[in-house]
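First up is the structure itself, then whatever we jot down about it.
The values are calculated or read from the model by the stated rules, or taken from the named source; none is laboratory data. None of these values were measured; they are calculated from a predicted model. All Cβ positions, glycine included, derive from the backbone under ideal geometry; neighbour counts span all protein chains shown.
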């Protein structure tokens, strides 16, 4: 009964969402935004404002008008120049939110328009903010000598996070400490850093309490700091509590999205159809204020070659700025985009080389232990096991051959009336945590405390949105210290109490943070019966000595742990309606030790649906740098008239004793498998996602 | 204008502008935060309530429309014995909705199994599609509804056809 | 100034007579049934009401559903969800599917047939479906009532063809037995960039002869596409139709689309013509309902 009533407890407890918060004397804040993509602001004409309404602009920011992330930054409020539609120019503060909306619609901002740039093109060289090249061998020579050369161009679109609660923050003064900020964030200490810098106060004077961000897909990583800073500035100037919550439409129109990618592959094959040369060029559109650029570009450079080995490789990644909203993370840091292009290109290669897809993949996989170079070793590739699992369970080989035969024999897809079928397969990997140097950057830490009554408390700023992560941590304490899970508490996230564990992204919660908890528990275990209680141990993240990574040459072990996955997607496409329907999805994951299979399965399921949405319906298309209400109304996750069959398996790896991340894996393999399946079913080569019916129809018209 | 209606079984009366949305009234006037403002387009289902016993969307209902009507929110449904069937169903399916959409998912389930003791695949899929939240997979949600329906049938001794 | 101080007065007529009388006196009042379309398209998601609103959800005469041997009559203010509960034993399956597509359950409990018909702007789901079913619509104003074919409910510009003071009160569907009924819907009818399309196909077959046959497509543009002459040419033919017959019908519908006032996007045109071709090719098959 205790477990059954978990739902009741969830509903009865105060949810603690920003939108639910109220305080006496509270004010609301709303954003005055740029209506143009690139311009100088020449004036702001206000209607007559009531005495209790104030407009704050860049000059009202008490100290530093910047939000910074690892050396890159953007203004909190635009000064003289705006760089994207929706860029915050001011914060309007007052006691009635409806009134603020009315006033905002009557504020007239005048601009002197400047040239705007939205998509990468030949003139982009002066907009490159970061470039990463990775190469070995001699690609030019190998391409010249190749038996066959296969070229392809691929594009992945922006994607909206569609997190549960829109962005928001609540800021108020506290007598003793200064400011208290409630923020729906994955990174509480970044909120603290941003707010304290903006207000010019010591960090300890800004207390941040993290509210439940729900399923965030990395949309609550850094943007909450911007909203929190706005609310805190308003609170600082007015002296009153300030609540700032975006509507879902406003959130959709103006906040950050997944960075679109343009990828060109030129691949040389030898006589057996195997890889002899890989030349890959990738352009990432980072929007107006690139953030996490190096991390994203480097991860994309690693994922560009995926799990394959090749003696001659050149990968060139460029991150470009544009007059779109900041575009960066979404369920990962760009690897999904690179994997889509790679695996879609591999599907084309296997067709050209006339080799069965699984056979080709396994022939070209790199052995485990080869990270970053093309040298061979004698071990079995980790991707091999997951490929075998999905291809066997889905009966891939037989279906693929059958559908290929049907494709060759049938009339033109566009003339047919009966549905056709296709099946695709793709594999990928996911590195957990930041690239090696990144983990040491912030000195993340965790504290575990063993109390006199024998209970334990975990203190961390890591935000666990799901029970699976919380139960993983508690299980660790239980395994090492023998304390029952219901006697292990996880402290509320309050920066005045918990240490900075770094951002909750890149599966750090199940890897980096989890390892720190383990380390704390092991130390407590050794002291337990020798030291008086309570015992409190703090541990920081350490990069294992055997994991060496040269960030300049991109050689070595970039991640502390890497997980693998493979997916098969089977579709049926109705040529009458041009609507693909997913019949089945098979996903095999190797993610180390699975502490809670039920929870891991839920995570994988969620990832599958996210991936399907991105592959088929979730498209964001900017027009002159802007999105419209129509775009908002149109955007929705994929809805199913028939729920596809899902098969998920966690492949055991006897050597791997620790947990690894798996949340981003479905997004890295399912889109390419989906595209390959639709390609086979229709005969139209899909080279971009989302693959909407409109896109398919356009391709059909071209051929 | 003066709006009088029945809220979770109790008669209530408030002064509100005719165009104020029910979702705002419930949250601000009565402190009932279970129905949340979501898309405000009638698409996401996060603001689900029962109006006259039927599943409805509080963001699509202006104040004047509830005059003399019966409104039930998640807070009311949780007081009923029927809620236990949903607790059981969700637990059995391993379904743990997030805090943001849990209320809406319960209400959709409640409304469906009340009217359809043995919901078929189409009804299940339609119900699962009514709430847009990334926290739970479709398959798990439909399983949860199915198990809840099963519990309901057992409670009322309804035979499955 | 914000809020403007204006207050909306809401009337709750208890009977149809009272409604008609009230509407005659206040022709500028907003007649509010479910209001779902109005709210969906309100700027800033905030409902802006005129000075006077007439709420009709409590009027008994508009909430009735009745069935005779020949007709099914549905009040204009019956919520879609309530109509659906009748089920396909009574409702034509095509009509049932069409109503099911209008929105999720939370919308269906509010939206009404009358509201869906009377939206000025895009043609929504109900109009083309009533058109192909040869339904009739009752329009009443104080002291006067008339029935018109559903196909005449919208004028050439796509606006409701009601006279001043008139409201939709009842919809009458003929009770007919169609062997084959197909309804398909794509996109969102109020959003042209989703390539919205409705396809309805009805066929009556008897001993291998096509007894009756109707096809309509609608993109939410001003005029749905239906060609009764083309339909009539196929009635009485032996099934299965031959290639020439089906080809001529598809070609004729293509020409009708091209010559009409409604623009079809490439995807809409593809779907519409392929659905038509698919439909006419399966008229000899086992009935799907």
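Of note:
- Subset of segment B:109-121 [assigned to a helix (DSSP H, G or I) and either within 7 Å of another protein chain (Cβ to nearest Cβ) or more than 18 Å from residue B:48 (Cα to Cα) (or both)]: B:111, B:121
- Test result for residue B:104, more than 8 Å from chain A (Cβ to nearest Cβ), in a helix (DSSP H, G or I), in contact with a strand residue (DSSP E or B) (Cβ under 8 Å, 6 or more places away or on another chain) and under 16 Å from residue A:10 (Cβ atoms): yes
- Selection of segment C:208-230 for residues being in a loop (DSSP other than H, G, I, E, B) and surrounded by 15 or more Cβ atoms within 10 Å (Cβ to Cβ) yields C:219, C:220, C:221, C:222, C:223, C:224, C:226, C:227.
- All positions within segment B:122-153 that are crowded, with 22+ Cβ neighbours inside 10 Å and in contact (Cβ under 8 Å) with a residue 60 or more places away in the chain: B:130, B:131, B:133, B:148, B:149, B:152
- Any hit, segment A:652-661, residues being in contact with a strand residue (DSSP E or B) (Cβ under 9 Å, 6 or more places away or on another chain), under 13 Å from residue A:568 (Cβ atoms) and surrounded by fewer than 24 Cβ atoms within 10 Å (Cβ to Cβ): no
Listed here are the residues, each with its yes/no results for (1) modelled with pLDDT of 95 or more; (2) surrounded by fewer than 24 Cβ atoms within 10 Å (Cβ to Cβ).
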{"position": "B:11", "(1), (2)": "yes, yes"}
{"position": "B:17", "(1), (2)": "no, yes"}
{"position": "B:40", "(1), (2)": "no, yes"}
{"position": "B:61", "(1), (2)": "yes, no"}
{"position": "B:70", "(1), (2)": "yes, yes"}
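- Subset of segment C:79-93 (residues that are crowded, with 21+ Cβ neighbours inside 10 Å and more than 12 Å from chain B (Cβ to nearest Cβ)): C:83, C:91, C:92
For every residue, the table says whether it meets (1) within 22 Å of the chain's Cα centre (by Cα); (2) surrounded by fewer than 19 Cβ atoms within 10 Å (Cβ to Cβ); (3) in a strand (DSSP E or B).
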position: A:446; (1), (2), (3): no, no, yes
position: A:449; (1), (2), (3): no, no, yes
position: A:452; (1), (2), (3): no, yes, no
position: A:462; (1), (2), (3): yes, no, no
position: A:465; (1), (2), (3): yes, no, no
position: A:474; (1), (2), (3): no, no, no
position: A:478; (1), (2), (3): no, yes, no
position: A:486; (1), (2), (3): no, yes, no
position: A:489; (1), (2), (3): no, yes, yes
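- Of the helices (runs of 4 or more DSSP H) lying entirely inside segment C:63-140, those carrying at least 2 residues that are touching a residue at least 40 places away in the same chain (Cβ under 8 Å) and touching a strand residue (DSSP E or B) at 6+ places or on another chain (Cβ under 9 Å) are C:93-100, C:113-118, C:126-132.
- Matching residues, segment C:48-62, being assigned to a loop (DSSP other than H, G, I, E, B) and within 12 Å of another protein chain (Cβ to nearest Cβ): C:48, C:49, C:50, C:51, C:56, C:57, C:58
- Segment C:231-282, subset modelled with pLDDT of 90 or more, within 13 Å of chain A (Cβ to nearest Cβ) and in a loop (DSSP other than H, G, I, E, B), residue farthest from the chain's Cα centre (by Cα): C:281
- Scanning segment B:1-37 for residues that are farther than 16 Å from residue C:110 by Cβ, assigned to a loop (DSSP other than H, G, I, E, B) and within 13 Å of chain C (Cβ to nearest Cβ) yields B:1, B:16, B:17, B:18, B:20, B:37.
- Residues in segment C:6-26 that are loosely packed, with under 14 Cβ neighbours inside 10 Å and not in a helix (DSSP H, G or I) were compared, and the one that is farthest from the other protein chains (Cβ to nearest Cβ) is C:15.
- Checked against (1) closer than 21 Å to residue B:40 by Cβ; (2) surrounded by 20 or more Cβ atoms within 10 Å (Cβ to Cβ), residue B:119 meets all criteria but (1).
- Segment C:27-57: number of residues that are within 17 Å of residue C:168 (Cα to Cα), without any contact (Cβ under 8 Å) to a residue 60 or more places away in the chain and surrounded by fewer than 16 Cβ atoms within 10 Å (Cβ to Cβ): 1
- Flag for residue C:171 being modelled with pLDDT under 95, within 28 Å of residue C:235 (Cβ to Cβ) and either more than 16 Å from the chain's Cα centre (by Cα) or crowded, with 22+ Cβ neighbours inside 10 Å (or both): no
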